[in-house]
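Laboratory data are not the source of any read-out in this text; all were calculated from the coordinates shown. Predicted, not measured: the structure shown is a model, and the values here were computed from it. With ideal geometry, Cβ positions are generated from the backbone for all residues, glycine too; neighbour counts draw on all protein chains shown.
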Amino acid sequence: MTIEDAIRPKAEFILKGIKNTLADAMGVEFRELSRKRIVADMPIGNNTVQPVRILHGGASVALAETVTSIAGWLNLEDENLTTVGMEINANHIRPVKEGGTVTAVATPIHLGRRSQVWQTHITDQNDKLVCISRCTVAIVPLETV
């Protein structure tokens, strides 16, 4: 995994905190962590499919919000602040059958003092676009969550 040196302690902290969360249950594995780009993979299996055995749209949205929230938090300098999702939308472009893997790549659109907007492209193992999402996160005091 590639981790930007400037955020290494925060990145290692968040990776430990992923255990026993939704991201962990979905099998999300991070490949790249930096302030300007997050890359994560997710298998398409029992925990992420619809009854017809294709990737569940909700799993795509959960993956997008996971990478976005972590990306936003990695950009905060103040340890008394955190990021929380405010709004997310997703366009599901094509189905993906069980047995494959999808990759999410999150990049910033806006990095403000009170909010951030991130775009996430989710692609299949053939690098075809599966879903595109935009997520706005609020920056709030940690004590309020």
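Taking each DSSP H run with n ≥ 4 as -39500 (n - 2.57) and averaging over every residue of the chain yields -6500 deg cm²/dmol at 222 nm. Within the listed set Glu87, Glu98, Glu79, the residue fluctuating most in the Gaussian network model of the chain (springs between alpha-carbon atoms under 10 angstrom) is Glu79.
Rounded to whole numbers, the Karplus 3J(HN,Hα) couplings from phi for the stretch 6-18 are 5, 10, 3, x, 5, 5, 5, 4, 5, 5, 5, x, 5 Hz, using 6.51 cos²θ - 1.76 cosθ + 1.60 with θ = phi - 60°, and x at Gly and Pro.
Charged side chains reduced to their Cβ positions (Lys and Arg at +1, Asp and Glu at -1) give the chain a dipole of some 320 debye around its Cα centre.
Sorting the segments 131-144, 18-31 by their residues' average number of neighbouring beta-carbon atoms within 10 angstrom, most packed first, yields 131-144, 18-31.
Panel order for Met1, Met86, by other beta carbons found within 10 Å of each beta carbon, from fewest to most: Met1, Met86. Within a straight-line Cα-Cα reach of under 28 Å, Lys128 can be paired with the following lysines, leaving aside sequence neighbours fewer than 8 residues apart in one chain: Lys36, Lys97. Only one of (i) 14.7, 45; (ii) 14.9, 50; (iii) 25.2, 102 was calculated from the structure for Rg and Dmax of the Cα atoms in Å, and its label is (i). Taking θ as phi - 60° and the Karplus parameters 6.51, -1.76 and 1.60, the scalar couplings of the stretch 105-120 work out to 10, 9, 9, x, 9, 8, 10, x, 7, 10, 7, 9, 10, 10, 10, 10 Hz in sequence order, x denoting glycine and proline.
Only one residue of Asn47, Leu81, Met1 has its Cα farthest out toward the positive end of the dipole of the chain, where Lys and Arg carry +1 and Asp and Glu -1 on Cβ, and that residue is Asn47. Restricted to Cα atoms, the stretch 64-139 shows a radius of gyration and a Dmax of 13.5, 42 angstrom. Working from Cα pairs under 8 Å separated by at least six residues, relative contact order for the stretch 57-145 is 36 percent.
Modelled label positions at Lys16 and Arg134, each set 7 Å beyond Cα in the direction of Cβ, lie 3.7 nm from each other.
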